[in-house]
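All remarks here apply to the structure that follows.
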């Protein structure tokens with residue numbers, strides 16, 4: 001075969017390397033993975049819904065102010081007050097962006113580097129780390145929780161991405177600045193400014209202060225300025241924030257150099273529990289009134305309300321001073337309750353419930369007690385409303401027989417026939433028994449209760465039971481508190497106009513809308529003006545010539561009434577039980593002075609013992625702890641400075657003065673001027689004794705059947721007596737023999 005016919009050999013084929021084939025497959029799979037991942041991302045993105053906002057981060061601090069607008073305290077779950085972004089200056093915004101997210105205005109709401117770091121940490125089984133954008137942090141706070149889990153982190157990424165596309169960046173930044181935690185219990189930039197610099201207005205924060213706040217928000221624990229070991233860490237982070245502000249053009253290089261030398265001066269407010277001291281009782285009353293007006297706990301602590309109270313700070317300070325300085329030298333277990341009301345308004349302007357709410361929440365100004373003879377003005381009003389002729393005479397001799405029982409005057413004094421004005425002046429018990437239980441008919445006690453409730457004494461079980469009992473006029477059961485008495489007497493000062501007692505003037509919601517004003521409260525016509533003016537005239541006479549003569553030191557027109565209630569003090573009840581009631585009526589359990597001018601009504605109550613059922617007599621050198629002594633002295637110590645800036649105001653005189661001339665002396669002159677009151681002492685211990693928490697309400701229907709004077713005469717005919725639950729409870733081994741009525 002010739003060479004020409006020979007076929008050319010085929011070229012040699014090289015085998016493809018296996019590695020290239022694997023790479024190709026990997027690229028293909030990777031491409032498919034990217035497609036699948038992208039598709040999955042968009043599917044998940046489309047299915048992701050922005051959840052409801054965490055309600056606690058919508059909450060705002062509710063502020064309580066004195067009547068002049070100065071802050072008294074706050075109610076909050078979180079210390080937070082929202083501020084619109086327009087009120088947060090650019091330097092403050094830029095400081096936070098420099099610290100937490102320098103690409104905030106341009107990024108898609110997430111950080112790819114942060115995502116990669118999160119994925120890497122998940123793969124290594126480690127805890128998720130920070131590095132989130134501001135949008136992610138905001139999402140975590142507002143929509144999710146603080147758990148560091150993979151599912152929460154990925155949910156955060158998708159919500160942040162969607163939120164960044166759907167919501168304006170400015171709104172996200174505003175929400176973040178109002179919710180992020182800065183330490184010191186402060187949520188949001190306003191609370192943070194107050195917590196570190198006593199400056200709640202972000203517009204007044206300096207560059208250095210803004211940079212510091214941006215520093216600590218990253219980790220309030222690591223950057224706690226109170227720990228010296230954190231100082232170097234804080235200054236380094238602080239300089240990092242300033243550097244970011246320089247890069248953004250917020251500050252110059254020269255300013256950065258100057259500010260970086262030192263941290264701004266920290267000026268934290270003094271940490272005070274809002275309920276500490278006497279003012280704690282005021283805040284507690286405000287909160288209770290908010291609840292009573294239909295606001296929930298959540299509304300109060302998170303609604304962002306501004307509550308302007310009726311409390312006058314200047315008057316409150318004067319009342320605290322009087323209650324804590326013008327008192328007997330012996331003070332152990334001695335309690336004072338005081339309250340002052342502005343007539344015709346129902347506004348409680350000052351109150352003293354105790355020295356420190358944190359140490360004891362028992363409010364002696366609102367705890368109901370036996371009012372004794374300070375209940376008699378309501379008997380006067382009831383009689384006048386019933387058409388009583390002031391010239392008619394009442395029995396002043398002791399004893400008097402009521403419902404088959406003999407009832408006595410203090411010290412068993414006889415006065416002979418007396419008129420109502422003189423009977424009130426000298427607080428003659430038999431005359432008031434005669435008035436209510438004889439002269440006003442079978443329903444006399446009911447008329448008395450109606451008058452008391454019309455004046456403003458709250459309706460209670462104890463008082464309602466008094467409708468059928470002869471001793472109601474002497475206030476033997478816990479019918480009223482100093483707050484109640486101050487407001488009820490204020491009704492007489494206001495020409496018979498009664499207004500609901502309250503502590504709140506206005507409530508403004510977080511949108512600035514006034515949702516409550518006390519101007520809307522109804523003024524009730526409790527008594528005809530002529531009746532109120534007559535009561536005023538009769539009670540002025542108590543000051544001019546009677547048991548309240550000490551009030552003349554006020555040097556302006558004053559009306560008022562003393563009151564004491566006797567019985568067996570808790571410390572003497574075991575001995576009284578052993579001797580079958582031999583100590584009945586030997587102790588003074590409550591002592592009152594409630595006095596008023598045309599523009600202020602103030603009531604003072606003294607009590608003793610842990611539960612307020614102790615004997616007051618050891619605290620005074622008098623025969624008994626009379627209302628005209630220490631209660632009146634404490635009252636004067638408040639009223640003198642409280643009214644010093646006001647000109648004296650006269651009471652309006654009644655048109656009909658028949659029977660209101662100076663009371664004629666009695667036909668029988670008592671051997672001495674009575675200063676104590678009947679005790680209404682029982683014959684033996686009650687069948688049960690209180691032992692639970694304070695209820696200020698009798699545990700059973702009282703009989704209120706008095707039987708004798710307080711001191712020193714024993715009762716003529718002692719009746720049985722109900723159990724009374726004292727504030728703070730009582731010892732079941734020490735049954736109580738309460739008394740009633742007093743001067």
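The values are calculated or read from the model by the stated rules, or taken from the named source; none is laboratory data. In this text, all values refer to a predicted model and were calculated from it rather than measured experimentally. Virtual Cβ from ideal backbone geometry, glycine too; neighbours counted across all protein chains shown.
Annotations
- Qualifying strands (runs of 3 or more DSSP E) (wholly inside the range 373-451; at least 2 residues being farther than 18 Å from residue 659 by Cα, at pLDDT below 95 and in contact with a helix residue (DSSP H, G or I) (Cβ under 7 Å, 6 or more places away or on another chain)): 400-402
- Qualifying positions in the range 274-301 - in contact with a helix residue (DSSP H, G or I) (Cβ under 7 Å, 6 or more places away or on another chain) and at pLDDT below 85: 274
- Any hit, the range 113-133, residues being under 26 Å from residue 201 (Cβ atoms), in the same structural domain as residue 227 (by TED's automatic domain parsing) and at pLDDT 65 or above: no
- Filter result (in a helix (DSSP H, G or I) and either at positive phi or touching a residue at least 24 places away in the same chain (Cβ under 8 Å) (or both)) within the range 300-315: 300, 301, 302, 313, 315
- A search for C-beta distances below 6 Å between a residue of the range 611-629 that is in contact (Cβ under 8 Å) with a residue 40 or more places away in the chain and on the phi > 0 side of the Ramachandran plot and any residue that is in a loop (DSSP other than H, G, I, E, B) and surrounded by fewer than 20 Cβ atoms within 10 Å (Cβ to Cβ), counting only pairs 6+ apart in sequence or on different chains, returns nothing.
- Sole exception among (1) within 13 Å of the chain's Cα centre (by Cα); (2) farther than 23 Å from residue 347 by Cα for residue 278, by number: (2)
- Residue match in the range 328-335 (condition: surrounded by 16 or more Cβ atoms within 10 Å (Cβ to Cβ) and modelled with pLDDT of 95 or more): yes
- As a summary of the residue check, residue 375 satisfies the conditions (1) surrounded by fewer than 21 Cβ atoms within 10 Å (Cβ to Cβ); (2) in the same structural domain as residue 599 (by TED's automatic domain parsing) except for the one numbered (1).
Table: residues versus (1) touching a strand residue (DSSP E or B) at 6+ places or on another chain (Cβ under 9 Å); (2) more than 19 Å from residue 176 (Cα to Cα); (3) crowded, with 17+ Cβ neighbours inside 10 Å.
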position	(1), (2), (3)
201	no, no, no
208	no, yes, yes
225	no, yes, yes
231	no, yes, no
238	no, yes, yes
248	no, yes, no
256	no, yes, yes
260	no, yes, yes
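- Taken over the range 384-425, the criterion of being without any contact (Cβ under 8 Å) to a residue 60 or more places away in the chain and closer than 30 Å to residue 526 by Cα is satisfied by 387, 388, 392, 393, 394, 395, 423.
- Any hit, the range 455-468, residues being over 30 Å from residue 354 (Cβ atoms) and touching a residue at least 12 places away in the same chain (Cβ under 8 Å): yes
- When restricted to residues that are part of a helix (DSSP H, G or I) and within 21 Å of the chain's Cα centre (by Cα), the range 316-370 contains 8.
- Subset tally (residues that are surrounded by 14 or more Cβ atoms within 10 Å (Cβ to Cβ) and either more than 33 Å from the chain's Cα centre (by Cα) or in a helix (DSSP H, G or I) (or both)) for the range 621-655: 20
- The residues of the range 233-255 that are over 10 Å from residue 98 (Cα atoms) and assigned to a helix (DSSP H, G or I), listed by number, are 233, 234, 235, 236, 237, 238, 239, 253, 254, 255.
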